[in-house]
Amino acid sequence: MPPRGPAFGPVVGVVKEGIGGWVHHAALPGSAGFPRVADWESSMQKKDVDRRVLIAGLGGAVAGSLLARNAVAGSLNPPAGGVSPSGRDLTQVTNMIARTDQGCAMPPVPVESLPGSASAKHVISVSGSYYLVGNIQGNPGQNVIDVQASHVDICGGGFHIFVPSGASSGVPSGCGIVCSGQNVTFYDGSVIGGRVGIDFSQASRYIIWDVISIGAEAAGFQIGGEGNFYDSEAHSCQNVGVLATGARALIEEGAVYSCPVGYMITGAQNIFFNNFATNCQTPFQIGPGNSYGPLVNVAGVGDMSAVPGSTNPWANFAY
């Protein structure tokens, strides 16, 4: 039986945690020092949580200590000499993005970045995609661009290639572009001057599209076989606007202005339709073995529908 106090009922013993350990504390019911059961349980739960946190912290410290034992520090005796960078410098990074100082951030290679040869200012010797970043001024007696590789795409970007006459230097004039590869495309540009503006006579499986040649000496364009010459123009050439020397080329929707001979086709098995020639002494000179739409002269006739052949969908017009 618990001890009884005078007139106060039983003395209740409560176990409490003290500084030195667990002690027995006696308190009177209803007195200020008498702990309620709920307070005691809450205190025990808090101490249990604190104990778990402490144990977890000790475990983390032990794990960190074990990991630290396996850590390896850097050498205390670095190699002699200054510190040198191990990564790419800014120029190397820029070249990976823009290829050269002349270029901008796009995959094709700027033609202006390419080295030349004794006969050309720039030589394309590797298959790929190329573009002009501005107008190009050629050198007397040199071709401006020499395409030696196959599988090449060249975007003119609306820029112009200027070929100086070689007469003042006593040398033959160069060409704007010469090509000897296969599967080569040139589009959206122009050539001013040159012996031949665009010379694809040694090329095959090519496309020339949306290109202008102005003031060439021998021919604005000279094209080879199995290619497509489309939507391109020759202006004020001294001899021939378009000269087709190859076989099985498709020549369509072109125009020649103010050249002695508009179109001269000397190869065979070429097809020729929807082309135009104006102010040319000989608009069309087409050799045997080629196929073409009607050659219709409508110069000054007024209503073209009255001219025989003018309504043919394959008709070629002189005016």
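Read-outs: derived from the displayed coordinates by stated rules, not from any lab. Owing to the predicted nature of the structure, the values given are computational and were not obtained by experimental measurement. A quick note on method: Cβ atoms are made from the backbone with ideal geometry, for glycine too, and the neighbour counts reach across all protein chains shown.
Starting from the Cα of residue 88, step 7 Å along the direction of its Cβ; do the same at residue 183; then give the gap between the two resulting points in nm. With each label point 7 Å from Cα toward Cβ, the separation is 2.8 nm. Placing dummy labels 7 Å off each Cα toward the beta-carbon, the span from residue 139 to residue 159 is 1.8 nm.
How much length is gained if the chain between residue 150 and residue 126 is pulled fully straight, taking 0.36 nm per residue apart and subtracting their Cα-Cα distance, in nm to one decimal?
On the way: separation 24, 0.36 × 24 = 8.64 nm, distance 0.77 nm.
Residue separation times 0.36 nm, minus the Cα-Cα distance, leaves 7.9 nm.
Here region 100-318 is assigned +1 on the Cβ of each Lys and Arg and -1 on the Cβ of each Asp and Glu. Its dipole about the Cα centre then comes out at about 400 debye.
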